[in-house]
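In what follows, a structure is listed as structure tokens, so that the remarks can point back to it.
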Amino acid sequence: MTTRSYYAPKGGLPPQTQMTADRAVFTEAYAVIPKGVMRDIVTSFLPFWDKTRLWVLARPLSGFAETFSQYIMEVEPGGGSDKPEPDAGAETVLFIVEGELTLVLAREKYIMHPGGYAFIPPGSDWRVSNDGDAPVRFHWIRKAYEYVDGIEPPEAFVTNENDIAPTPMPDTNGAWATTRFVDPQDLRHDMHVTIVTFQPGGVIPFDETHIMEHGLYVLEGKAVYHLNQDWVEVEAGDFMWLRAFCPQACYAGGPGPFRYLLYKDVNRHPKLNASPAYRGR
């Protein structure tokens, strides 16, 4: 079985001798949050979560990325939550990067390890705990589910990326592949969270420019990303936040694979925020 690598932040604080400037960027089209800024002093805490802190990587911002939030959760032994989600309309993806997480979902118990992936639909009864002796770190991606008349929300499931064969992109000879956890044509899903893998030298050979906004967390390796009109170096532990229609391409530099966890919104009409005068015609 292929050995996977998953970068997880540890916090801490740099020494006073470290240079202040880093690779953090926030523009009107994209943001880069490098791993070096994920320190103790920028963590947050949540109601009803015990022995837990988190790094908030993305949240809806008017005029920027608007559809999702993404956290890196760090739960100490004995910690967790019996009331993790305050919003009954939110759907969830959990992805484990370090440690062991116990998930109870609709009365079924799952022990999740690195590479573990859970989709939890809105209105679900779930809770999580760290029953081990080391911290567990995982991504928590949340989105307000967009209901459609005549289409039922998808059911919950728990799996692991190591049990799913990546799908090579056409005409790339395996240099670019995507691990998909749901069928792209399943219209019940209004978001996809996948893992994208580039072998050394693999590229996105054109500037993708599309309606989907993205959150990209680099799990492994390094690459150079073309964002809008800028070339940005990224490595394991970095997070990128891309607004809809931000041009994007990349080149995987090696020496090992470049892999990232990717969020995108899919399968729904764009909302039309028409003015009252227009709606009255």
Loop-located chymotrypsin sites (Phe, Trp or Tyr not before Pro) in segment 187-281, at most 11 other Cβ atoms within 10 Å (DSSP): 206
Net charge contributed by nearby residues that have their C-beta within less than 10 Å of residue 121 (K/R +1, D/E -1): -2
Kirkwood hydrodynamic radius of segment 93-192 from all distinct Cα pairs, in Å? 15.1 Å
Normalized C-alpha radius of gyration of segment 1-77, against 2.2 N^0.38 Å? 1.31
Which one, 256, 116, 150, has the greatest fluctuation when you compute a Gaussian network model over the chain with C-alpha springs under 10 angstrom? 150
Taking the simple approach of a point 7 Å from Cα along Cα-to-Cβ for both residue 51 and residue 272, what is their distance in nm? 5.3 nm
Is there a pair in 35/143; 35/271; 222/271 whose C-alpha atoms are over 32 Å apart, and which pairs would that be? 35/271; 222/271
Bin width 10 Å, alpha-carbon pairs only: give the P(r) of the chain as whole percents, running from 0 to the bin holding the largest distance. 6, 28, 36, 23, 6, 1, 0
Taking the square root of 5 times each eigenvalue of the Cα gyration tensor, what semi-axes in Å does the equivalent ellipsoid of segment 130-281 have, largest first? 29, 22, 16
Test of understanding: given the chain, find the longest segment containing no GluC sites (Glu not before Pro) that are in a DSSP loop and have at most 15 other Cβ atoms within 10 Å. 156-281
For a test of the definition: using alpha carbon positions, the gyration tensor, and the 1.5 limit on a/c, classify segment 16-167 as rounded, prolate or oblate. oblate
When every protein chain stays in place and a 1.4 Å probe is rolled, 214, 113 sorted by accessible area with the largest first are 113, 214
Förster-model FRET efficiency, 35 Å R0, residue 134 and residue 207, C-beta, rounded to 0.05: 0.25
For segment 171-251, the spread of Cα positions along each principal axis, largest first, Å: 36, 27, 27
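The values are calculated or read from the model by the stated rules, or taken from the named source; none is laboratory data. The structure displayed is predicted, hence computed values, not measured ones. Methodologically, a virtual Cβ is constructed for each residue, glycine included, from the backbone with ideal geometry; neighbour enumeration extends over all protein chains shown. SASA here: full protein model, heavy atoms, side chains in, ligands and nucleic acids out. Shrake-Rupley method; radii C 1.70, N 1.55, O 1.52, S 1.80 Å.
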